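What follows is a set of notes on a single structure, which appears directly below.
Each reported figure results from applying straightforward, stated rules to the coordinates on display, with no laboratory input. In this text, all values refer to a predicted model and were calculated from it rather than measured experimentally. Don't worry about glycine lacking a Cβ; one is built from the backbone with ideal geometry, like all the others, and counts go over all protein chains shown.
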Amino acid sequence: MRLPQDAAPCFSAFSMKSLARRCLNFVRGNFNRCAPFRHIPGLILPLQPEGENVKLNRIATLTSCTVGASLMLGASLLMLPKAQGAQEQCSVGKLQGRYVFTGQGSNVHYGAFDFDGAGQFSGKQTSVRYKTSIQREALNGTYTLEADCTGTLTLEGQLGGPAHWDVFVTSDGKKGRMIRTDAGASGVRTFEQ
């Protein structure tokens with residue numbers, strides 16, 4: 001539906017505040033050419049108040065204004081960002097279930113971790129070491145996770161003994177990254193549920 005040419009100035013800089021002001025003035029009987037919802041076919045907008053038409057017109061306009069304002073308020077509330085303090089904090093319970101991982105450093109690793117949500121995990125990996133040797137290994141270890149979703153992980157069961165890692169987990173606990181912290185060793189891993 002096209003708006004009448006004389007309605008265009010009524011909708012410039014349209015905001016919640018201007019809608020409320022126009023609706024209130026209109027319902028009070030302060031009619032002008034920028035009455036809210038003037039473009040609605042069949043809506044009677046007298047230039048001078050006249051009997052029952054004015055009462056019906058005010059009720060219809062008030063109802064329209066109320067619905068319009070409610071919709072705008074509801075939409076603005078949906079667009080508000082989540083409060084900073086309302087974010088869920090991390091703990092060891094954030095990692096629970098099976099996560100597949102890939103890793104590389106001087107070797108390449110593919111496998112899965114099974115986190116128990118209480119600071120322990122087990123898993124399996126297949127590793128390619130020295131570009132020729134393929135090994136399958138059973139893994140286990142412990143992990144910590146702080147409120148900011150960072151923590152540590154100690155991985156046992158692979159050649160060379162225990163490996164120590166710093167861990168970084170997304171706030172929903174679905175993905176993470178690890179970097180090895182042992183002196184003389186390097187490696188990174190990514191994991192996701």
Work out from phi, with θ = phi - 60° and the Karplus expression 6.51 cos²θ - 1.76 cosθ + 1.60, the ³J(HN,Hα) of each residue of the stretch 97-108, listed in order in whole Hz, and give x for Gly and Pro.
x, 8, 10, 8, 9, 10, x, 8, x, 7, 10, 10
Per-residue counts of other Cβ atoms within 10 Å, averaged by peptide: what ranking do you get for 123-134, 151-162, highest first?
151-162, 123-134
Could you derive backbone 3J(HN,Hα) for the stretch 178-193 from the dihedral phi with the Karplus parameters 6.51, -1.76 and 1.60 (θ = phi - 60°), listing whole Hz in sequence and x where the residue is Gly or Pro?
9, 9, 6, 10, 5, 4, x, 10, 9, x, 9, 9, 10, 9, 7, 8
Long-range amide H partners of residue 181 with built H, under 5 Å:
164, 165, 166
The size of the Cβ-based charge dipole (Lys, Arg +1; Asp, Glu -1) of the stretch 92-192 about the Cα centre, to the nearest 20 debye, is 420
So, counting K/R as plus one and D/E as minus one, what does the shell of residues with Cβ under 12 Å around residue 137 add up to?
+2
Provide Rg and Dmax in Å for the stretch 92-192, with only Cα atoms included in the calculation.
12.7, 41
